[in-house]
Amino acid sequence: MTELELQHLRREKWRIDGEPIRTLEEARDFIDSVGMSLTYPLRQAIPLPTLIGATLGNDQSLPTRQNAFKDPRAKRVEELLPNLVRNKFTFEAQLHGETLLLAPAVFPYYYALASDRKPKQPMRSRVRGQASPLTEHVFSELDANGPLSRRQLQEQLGGSLSEAALDRALQELSAALKITRVDHDPKTGDTWDVYYRWAPDAVNEGVRISDAEAMSALISKYLDCTVAATQEEIETFFSVFTSRARVAEVVKALLAAREFSYTPSESRTLITVSHKNVSSESPRATRERDSATMLPRRRNG
């Protein structure tokens, strides 16, 4: 596979070849087809499609999340995204500070790796071993009374609470997949709820998937999304929630099992999926198929 061929296949799959998304149905099909997509591009160079690129039909000088509010080209994304989320056509997660959109079939795998598998408990701090008081209060308020808008949350938690502090707590809980944005209103802003109540089936499925199953399936889905990727690109994508050594171990096992294959491409070596597309498989089907890369399941607590 030449670099030109790879770029052509990606541009076609990522809808940046002059055929932009125009409707909610097309946006849903796009998310289902790629499996995972950023909303806006990352500063860090990680090969992934973007919803903004797909709505424009190109990837030229795309706005970032920070400057999208002043770029008229982002209007269509801001119209589509709340409807995609509201109808559960996509699930939101965080990747290197940017919103990652996951297809319903992909979300349980991501949840298995990125969460602590304790959906009804507030997140634990890596330093103190427990969540901050504010984070606990925000989670408890949403758990008891959600869904709630930011304004409602601020009223429930006390009028003296700063918007910046509340935003930090919401961001932390969202990154840990404890809560999720479930709606957006131009007047009242975002509405939030606990993830396990808003998407109980998907969360429960993710809790039951082992780390090994999730890792092998999600790497396969990442390669399907990107068509092909280097070892370095795969490790960079997954470094947000596991070590590079562990990713390398899983890739090596899948190569040995002939699930993946090496594909030379001019000045670098790419890795591709060598078996059937697994992007539409359910977690249960993948568990029945996947036995080559079983690793000890991590302990939670």
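Membrane-span-like helices in the chain: DSSP H runs reaching 20 Å or more (Cα, own axis), mean Kyte hydropathy at least 0.0?
211-226
Among Gly158, Trp198, Ala175, pick out the residue whose Cα is farthest towards the positive end of the charge dipole of the stretch 107-208, where Lys and Arg carry +1 and Asp and Glu carry -1 on C-beta, about the Cα centre.
Ala175
How many angstrom separate the Cα center of the stretch 1-58 from the Cα center of the stretch 191-252?
If we compute the Cα centre of each part, the gap is 19 Å.
What is the magnitude of the charge dipole of the chain about its Cα centre, with +1 placed on the Cβ of each Lys and Arg, -1 on the Cβ of each Asp and Glu, and no other charges, expressed in debye to the nearest 20?
720
Just subtract the alpha-carbon distance of Ala248 and Glu12 from 0.36 nm times their residue separation and send over the number in nm, one decimal.
Taking Ala248 through Glu12 to full extension adds about 82.1 nm, to one decimal.
Of the peptides 218-231, 239-252, 135-148, how do they stack up when ordered by the mean number of other Cβ atoms within 10 Å, highest first?
Answer by packing, highest mean first, reads 218-231, 135-148, 239-252.
Based on the mean of other beta carbon atoms within 10 Å per residue, what is the order of 20-26, 72-78, 208-214, most packed first?
208-214, 72-78, 20-26
Compute the FRET efficiency between Ala257 and Asn87 as 1/(1 + (r/R0)^6), taking r as their Cβ-Cβ distance and R0 = 41 Å, and round to the nearest 0.05.
Here the calculated transfer efficiency is 0.65.
Could you give me the radius of gyration and the Dmax of the chain, taking only the C-alpha atoms into account and expressing both in angstrom?
For the chain, the Cα radius of gyration and maximum Cα-Cα distance read 19.4, 60 Å.
None of the figures in this text is laboratory data; all of them are computed from the coordinates on show. It should be emphasised that the depicted structure is a prediction, and the values quoted were computed from it without experimental measurement. Glycine gets a Cβ as well: all are built from the backbone with ideal geometry, and neighbour counts include every protein chain shown.
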